[in-house]
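Encoded as structure tokens, the structure appears first; notes follow it.
The values are calculated or read from the model by the stated rules, or taken from the named source; none is laboratory data. From a predicted model like this one, the values you see are computed outputs, not experimental measurements. Methodologically, a virtual Cβ is constructed for each residue, glycine included, from the backbone with ideal geometry; neighbour enumeration extends over all protein chains shown. The protein model used for the area step is the full one, side chains on, heavy atoms only, and it has no ligands, DNA or RNA in it. Shrake-Rupley method; radii C 1.70, N 1.55, O 1.52, S 1.80 Å.
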Amino acid sequence: MTDLVSVILPYFKKKNFIEESVNSILKQTYKNLELIIIYDDTDHQDLSIIKKLKSYDRRINYILNVSNVGAGESRNIGIRHAKGKYISFLDADDIWNKNKIETQIKF
């Protein structure tokens, strides 16, 4: 069995990019991963987007921050909830090549 990789993605007002970012994670050639989205926006206007993305794949989870704490602390919250042997970070407006995790695991 392959090791679990926890991908932590802080979210704050990136609705125009988040779906492409999440898809770049879900389409990885390395499949044993969990995605933890840390929703860091007290305005829950975009929460429906995150819930929709979660419905696509059981590997997606999200955490709602009580207050806006920023990307760094959101990553720390994600680390505390991560179950994987390895942790990787992606910002909500970035994308990965499809073999990024596999390449890093092999290395």
Within the range 69-93, tally of residues that are open to solvent by 20 Å² or more (accessible area, probe 1.4 Å) and in contact with a helix residue (DSSP H, G or I) (Cβ under 8 Å, 6 or more places away or on another chain): 6
Residue in the range 20-29 that is small (Gly, Ala, Ser) and touching a residue at least 12 places away in the same chain (Cβ under 8 Å) present: yes
Selection within the range 7-47 - out of contact with any Asp or Glu (no Cβ under 9 Å at 6 or more places or on another chain), open to solvent by less than 80 Å² (accessible area, probe 1.4 Å) and of a type in the set (S, T, N, Q): Asn23
Residue in the range 63-74 that is under 14 Å from Lys27 (Cα atoms), in contact (Cβ under 8 Å) with a residue 24 or more places away in the chain and not acidic (Asp, Glu) present: no
